[in-house]
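A.B. asks: Quick one: structure below, then a few questions.
The values are calculated or read from the model by the stated rules, or taken from the named source; none is laboratory data. All of these numbers come straight from a predicted model, not from anything done at the bench. Please note: Cβ atoms are built from the backbone with ideal geometry, for glycine as well, and neighbour counts cover all protein chains shown.
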Amino acid sequence: MNTLKKLQFYMGKRKVLMPIALTLSGLSGLLSLMPFIFIWLIVRSLLLTGSVASGIPINVYAWWAVGTAVAGLVIYFAGLMLLHLAAFRVETNMRRTAMRKIMQMPLGFFDRNTSGQMRKIIDENASETHTFVAHLLPDLAGSFIAPLSVIILIFVFNWQLGLACLIPLTAAVFIMTRMNTTAQKAFQNEYLGAQEHMSSEAVEYVRGISVVKVFQQTIFSFKRFYDSIIAYRDLVTKYTLGWQKPMSLYTVAINSFAFLLVPVVILLIGNKSENIAPIITDMFLYVLITPVIATNVMKVMYLQQDMFLADQAISRVENLTSSEPLPIAENPEKITACDVTFENVSFAYPNAGQNAVDGISFHLPEGKTFALVGQSGGGKTTIAQLIPRFWDVSAGSVTIGGINVKNIAKDNLMNHIAFVFQNTKLFKTSLLENIKYGNPAASDEAVQRAIDLSQSREIIDRLPNGLNTKIGVDGTFLSGGEQQRIVLARAILKDAPIVVLDEATAFADPENEHLIQKALHELRKGKTVLMIAHHLTSVQDADKILVIAQGKIAEEGTHSELIARNGIYNSMWNEYQRTVTWTV
């Protein structure tokens, strides 16, 4: 599907506006030449007759020149307005289509794509099409028709002068084609990629600016953002310098019509002393009209570049949303039991070279707690994410109550699982609404109970508006540990039979960690729990500990069994104890 067809697709019902606008553009291009013709007729009348009274009155030509110029502008404006309407629809439909597809993406998709990256790709690339459709597409037909008409005219009036004009035009077109090469398209891809990367890093940098300021760091402390700026600068500088010579040659060639006309006219006149007025008037016409070629050829060059940018913008949005949504079972089953089984499960992330999870098998009985421990990057979080079906496994199966998670309806699956993430997320709304995300229909009594069990009562009591306090408004912010307790209140309120805890105490200070551990103890009561932890004291009472290394289960057993085995877990425990007891 070429660029124009892609744009028509996103125009929806307004796609009929494009051929109408292009027709108006072509007509406007023809009318834009007419004032030059009438001015030439006025000059010819003066030079050939020496009188303003002979033949058609000059004022008639003048009015025709003004009339055709105004008509051309009106028609061009009409086409411009039509394509503005189409351009706004393209932007709207691109954003709607992208967001509709994103809402169908697996939850793991959002772990692999940052919010800054998605905003840049969807919002800015949709806006990128506006310039082309609304401001450059109106010139498309006119930019081709006007110079072609001029070329025909210059050969009709005087073929010798026409040949003289053809030389710089041919040179300019040749240089232009050399500039629009595969390397140029490759650069545009690099350029857009560098912009996306810089935008993504900028968003992440701004989100962390408070930390940077607290520790009095400069922009250099956020190395990824700085590196993205330097990479963008180097890319653009190299590209700009590479265009110096070809662009200079192109500018000289496309603006040298008059320079070549003078010697040709001198040769045509030769030693003639009479009947030279027609040649002079023809030259005057060519001097007037050939800049139209230069202007429109330049427009064509920019049209090619902007058409490529528009095509890349559409492709980038479509590539972002090209992942297939998880398949939906035709006859979904309902969860009746809450034990979790991994049977020879393997999983690899999209475009990854190796499995993140490789042949994992274990059975988590209902009401029991299993803990996953191991080095970072070993696959613990990936294993946890396969239970609520953030991704579909590459091989093997994950079952809940004997039912493959692929055969469970999404709503039913989500209703049975509470997931507490390592990175907490509170919305910029009231604490009450944040907590009730776990169960919007919960009673006030249930909310108050969840607050007490999550050890969040003192947080609520010290805020001036209590539960109605809005997070992020009027300077109201919570610490990482306090946010985690509110998130735990949300999970407790949900009262799901299966709980997945991913480093729930990772960023808490000692006081908050103690309170979070008490909240976790309440949350885990009677639940099927899979927890990930680096603080090994929090997994001592787990019914079973799985030591994960390179996507496999390296060891498994209770805390005491693994200590007695004197293996990987025992080494981790000893190292953890040395870290805890270390003093200066």
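A.B. asks: Go through the stretch 478-504 and report how many residues are without any contact (Cβ under 8 Å) to a residue 40 or more places away in the chain and within 14 Å of residue 522 (Cα to Cα).
C.D. replies: 1
A.B. asks: Determine which member of the set 283, 301 is surrounded by 18 or more Cβ atoms within 10 Å (Cβ to Cβ) and within 30 Å of residue 192 (Cα to Cα).
C.D. replies: It is 301.
A.B. asks: Which of the residues spanning the stretch 361-404 are closer than 10 Å to residue 341 by Cα and either part of a strand (DSSP E or B) or outside the structural domain of residue 546 (by TED's automatic domain parsing) (or both)?
C.D. replies: If the condition is that a residue be closer than 10 Å to residue 341 by Cα and either part of a strand (DSSP E or B) or outside the structural domain of residue 546 (by TED's automatic domain parsing) (or both), then 361, 362, 363, 364, 397, 398, 399, 400, 403, 404 are the ones that fit.
A.B. asks: Go over the candidates 193, 142 one by one and state the one that is under 22 Å from residue 255 (Cβ atoms) and not aliphatic (A, V, I, L, M).
C.D. replies: Every option except 142 fails the conditions.
Let's see how each residue does on (1) charged (D, E, K, R); (2) within 30 Å of residue 195 (Cβ to Cβ); (3) surrounded by fewer than 18 Cβ atoms within 10 Å (Cβ to Cβ):
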site: 278; (1), (2), (3): no, no, yes
site: 296; (1), (2), (3): no, yes, no
site: 327; (1), (2), (3): no, no, yes
site: 334; (1), (2), (3): yes, no, yes
site: 339; (1), (2), (3): yes, no, yes
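A.B. asks: When the stretch 297-356 is examined, which residues are found to be over 23 Å from the mean Cα position of the chain (by Cα), of a type in the set (Ser, Thr, Tyr) and under 17 Å from residue 4 (Cα atoms)?
C.D. replies: 302
A.B. asks: Just give me the residues in the stretch 341-377 being crowded, with 20+ Cβ neighbours inside 10 Å, over 21 Å from residue 543 (Cβ atoms) and of a type outside the set (A, V, I, L, M, F, W, C), in sequence order.
C.D. replies: 355
A.B. asks: Something else: Name the residues in the stretch 122-133 that are over 23 Å from residue 349 (Cβ atoms) and in contact (Cβ under 8 Å) with a residue 40 or more places away in the chain, would you?
C.D. replies: 124, 125, 126, 128, 129, 130, 131, 132, 133
A.B. asks: Could you tell me how many of the residues in the stretch 424-436 are at pLDDT below 85, touching a helix residue (DSSP H, G or I) at 6+ places or on another chain (Cβ under 9 Å) and either surrounded by 18 or more Cβ atoms within 10 Å (Cβ to Cβ) or not hydrophobic (A, V, I, L, M, F, W, C) (or both)?
C.D. replies: Number of matching residues: 3.
A.B. asks: Something else about it: Restrict the check to the stretch 213-235 and report whether at least one residue is modelled with pLDDT under 75, among the β-branched types (Val, Ile, Thr) and either within 22 Å of residue 187 (Cα to Cα) or surrounded by 11 or more Cβ atoms within 10 Å (Cβ to Cβ) (or both).
C.D. replies: yes
A.B. asks: Are any residues in the stretch 97-116 part of a helix (DSSP H, G or I) and either buried (at least 17 other Cβ atoms within 10 Å of the Cβ) or of a type in the set (Val, Ile, Thr) (or both), and if so, which ones?
C.D. replies: 97, 98, 101, 102, 109, 116
A.B. asks: It is to be established whether one or more residues within the stretch 269-276 are touching a residue at least 24 places away in the same chain (Cβ under 8 Å) and either over 30 Å from residue 119 (Cα atoms) or surrounded by 14 or more Cβ atoms within 10 Å (Cβ to Cβ) (or both).
C.D. replies: no
A.B. asks: Just to be sure before I move on: is residue 262 farther than 26 Å from residue 118 by Cβ, at pLDDT 75 or above and β-branched (Val, Ile, Thr) in the structure I sent?
C.D. replies: yes
A.B. asks: So is residue 392 touching a Leu at 6+ places or on another chain (Cβ under 8 Å), surrounded by fewer than 21 Cβ atoms within 10 Å (Cβ to Cβ) and either among the small types (Gly, Ala, Ser) or on the phi < 0 side of the Ramachandran plot (or both) or not?
C.D. replies: Spelling it out, residue 392 is indeed touching a Leu at 6+ places or on another chain (Cβ under 8 Å), surrounded by fewer than 21 Cβ atoms within 10 Å (Cβ to Cβ) and either among the small types (Gly, Ala, Ser) or on the phi < 0 side of the Ramachandran plot (or both).
A.B. asks: May I pose another question? Answer yes or no: is there a residue in the stretch 310-329 that is at pLDDT below 75 and out of contact with any helix residue (DSSP H, G or I) (no Cβ under 9 Å at 6 or more places or on another chain).
C.D. replies: Looking for residues that are at pLDDT below 75 and out of contact with any helix residue (DSSP H, G or I) (no Cβ under 9 Å at 6 or more places or on another chain), one finds at least one in the stretch 310-329, hence yes.
A.B. asks: Taking only pairs six or more apart or across chains, which ones have beta-carbon atoms under 6 Å, a first residue in the stretch 300-323 that is in the same structural domain as residue 126 (by TED's automatic domain parsing) and assigned to a helix (DSSP H, G or I), and a second residue that is surrounded by fewer than 16 Cβ atoms within 10 Å (Cβ to Cβ) and among the β-branched types (Val, Ile, Thr)?
C.D. replies: none
A.B. asks: If a residue has to be over 20 Å from residue 300 (Cβ atoms) and hydrophobic (A, V, I, L, M, F, W, C) to count, how many in the stretch 2-49 make the cut?
C.D. replies: Qualifying residue count for the region: 16.
A.B. asks: Examine the stretch 98-121 for a residue that is free of Cβ contacts under 8 Å to residues at least 24 places away in the same chain, under 25 Å from residue 198 (Cα atoms) and touching a helix residue (DSSP H, G or I) at 6+ places or on another chain (Cβ under 9 Å), and state whether such a residue exists.
C.D. replies: Within the stretch 98-121, one or more residues are free of Cβ contacts under 8 Å to residues at least 24 places away in the same chain, under 25 Å from residue 198 (Cα atoms) and touching a helix residue (DSSP H, G or I) at 6+ places or on another chain (Cβ under 9 Å).
A.B. asks: Would you please name the residue that is surrounded by the most Cβ atoms within 10 Å (Cβ to Cβ), looking only at residues in the stretch 402-421 that are of a type in the set (Gly, Ala, Ser) and over 19 Å from residue 525 (Cα atoms)?
C.D. replies: Restricting to residues being of a type in the set (Gly, Ala, Ser) and over 19 Å from residue 525 (Cα atoms), the top hit is 409.
So that you can scan it fast, the table gives a plain yes or no per residue for (1) among the hydrophobic types (A, V, I, L, M, F, W, C); (2) within 33 Å of the chain's Cα centre (by Cα):
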position	(1), (2)
429	no, yes
445	no, no
467	yes, no
470	no, yes
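A.B. asks: Please find, within the stretch 468-508, the residue that is modelled with the lowest pLDDT out of those that are in contact with a His (Cβ under 9 Å, 6 or more places away or on another chain) and not hydrophobic (A, V, I, L, M, F, W, C).
C.D. replies: Only one residue tops the list, namely 505.
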